[in-house]
Amino acid sequence: MSLKTIAVLGLSTALSSGTLSYLQPGTPAGTEAVYRLYNSHTGEHFYTKDAGERDHLITVGWLYEGTGWQAYNTGDPVYRLYNPNAEGGDHYYTVNKDEADNLVKLGWQWDNNAQPVFFSKGDIDLYVAYNPHGKSGTHNYTTSATEQNHLVSVGWQNDGVAWKVADIGIAEGQPGNRTVQVDKNVTGAGGAEANIPGSYRTLYSNKIFDYTDLDNDVPVIAFSGDIAINGNGKTDYETQFVIAGNGTGNGQIGISLHYQSGTDKAFGQGEINTTIINFPAGAGTNGEQFYSVNTSAPKIKDGEFVHLEVQYYAKGWMAAFVNDQLVGLYKANLTTPDLYILHNYCNTSNTFRNLKVEKNGVDITSQGAPSFSTTSATDMALVNGAY
């Protein structure tokens, strides 16, 4: 089973540094990711294929927002110009060479030595919107019709399709710039529990996705099923769906459906939230292991069945889905001589059905060793299987 087609998640808005855009793995050959950055002081978004340029801008204070779209390496040239007279500076992108030449005559400067920064080619529309009231960041480029329409609704001018690109981005929530230390003093390396003073894991509000091209790779191990959780009146409860390496500290990845009372929407309080679990094998004890609450994940009601799926790839990546929407894509590492451990832990009551386990694309659901079994203890249920 290859990584499924990824649906667009949530609302992307260029009016805030909270815009996060990602690309789906399995994009066309002969393409490159275009990185998107945001300058909170000027309001400008900047787009580049150059990872070195991206990294430099991050070091001088720009916010990295992920990847905006996928661009072919050939096609009609797209040029970038710079306006040194705009307050804070400003960049403009165009496929129209005559327009670019005229702007240079008016005082703009060629960027990238007048060589193309991108190429226009593909079946996906890249929209451009213009802010007539802005002094910098006056143009925004996006594959998201939702983002484009939102900008127009708040006063931007719709300038239509700027050019064509190979693939769209995926929008998700607000940035992962809010963190809390959790599991303090009990965190062992690689997902183990240990009495280590000063240890902790990090809980993120919408940690941005990592990006990789998984092409059509088949997961080493993938598991899925339908689960319903019922809090029975509790104010803090969860169920976890986790793949673990076969051994203490060999890593754990998965999904937690978690309810916590409160009003902090950045961490999905006051509702059942989707939290990604990533405890890579070999990770240290001070934040290298993390949870990430994804507030753009499908909303879940008490007692409602949802379809969960977690995948692990040999390249060292995990992908997690709720109702077939991507909710986590991160670097990970599970180590095992052969078998992976499947956990379904719940500290309230849940109902689980339609388990499916695939190893290297082959259905091995009925080949667990030992067979799937349930053990009960006070206020918990733990279902284990080795595959």
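Each reported figure results from applying straightforward, stated rules to the coordinates on display, with no laboratory input. This is a predicted model, so every value here is computed, not measured. Methodologically, a virtual Cβ is constructed for each residue, glycine included, from the backbone with ideal geometry; neighbour enumeration extends over all protein chains shown.
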Taking the Cα centre of each part, how many Å lie between the range 91-107 and the range 210-286? 48 Å
Take the alpha carbon gyration tensor of the range 187-321, find the square roots of its eigenvalues, order them as a ≥ b ≥ c, and report rounded if a/c is under 1.5; if not, report prolate when a/b exceeds b/c, else oblate. oblate
Could you pull out the pairs from LYS234/LYS301; LYS97/LYS164; LYS164/LYS331 whose alpha carbons sit more than 21 Å apart here? LYS164/LYS331
Taking every alpha carbon pair in the range 255-304, what does the distance histogram look like in 10 angstrom bins from 0, in percent? 26, 45, 23, 6
Between ASP236 and LEU339, take the C-beta separation as r, use R0 = 35 Å, and let me know the FRET efficiency to the nearest 0.05. 0.60
Two decimals is fine: what is log10 I(q)/I(0) at q = 0.16, 0.18, 0.19 Å⁻¹ for the range 21-171, from a Debye sum with one equal scatterer on every Cα and no solvent? -0.89, -1.16, -1.31
Ranked packing of 93-99, 71-77, 104-110, most packed first, by mean Cβ within 10 Å: 71-77, 93-99, 104-110
Charge context of VAL95, other residues only, Cβ under 12 angstrom, K/R +1, D/E -1: +1
Can you give the helix-only mean residue ellipticity at 222 nm for the chain, where every DSSP H stretch with n ≥ 4 adds -39500 (n - 2.57) and the sum goes over all residues, rounded to the nearest 500 deg cm²/dmol? -2000 deg cm²/dmol
First obtain the Kirkwood hydrodynamic radius of the range 243-370 from its Cα pairs, then insert it into the Stokes-Einstein equation at 37 °C and 0.692 mPa s, and state the resulting D in µm² per second as a whole number. 210 µm²/s
The range 60-139 shape via C-alpha gyration tensor axes, a/c threshold 1.5: oblate
Using +1 at the Cβ of each Lys and Arg and -1 at the Cβ of each Asp and Glu in the chain, identify which of ASN39, PHE290, ASN206 lies farthest towards the dipole's positive end. PHE290
Put +1 on the Cβ of each Lys and Arg and -1 on the Cβ of each Asp and Glu in the chain; which of LEU81, THR248, HIS139 then has its Cα farthest toward the positive end of the dipole? THR248
Work out how far the C-alpha atoms of the chain reach from end to end along every principal axis, then list the three figures in whole Å, largest first. 76, 42, 38
Students often forget the sequence filter, so: which aspartates and glutamates lie under 18 Å Cα-Cα from LYS121 once same-chain residues fewer than 8 apart are removed? GLU32, ASP76, ASP167
Report the FRET efficiency, 1/(1 + (r/R0)^6), for VAL186 and LYS315, where r is their Cβ-Cβ distance and R0 is 25 Å, rounded to 0.05. 0.25
With +1 on the Cβ of every Lys and Arg and -1 on the Cβ of every Asp and Glu, the dipole magnitude of the chain about its Cα centre, in debye rounded to the nearest 20, is 460 debye
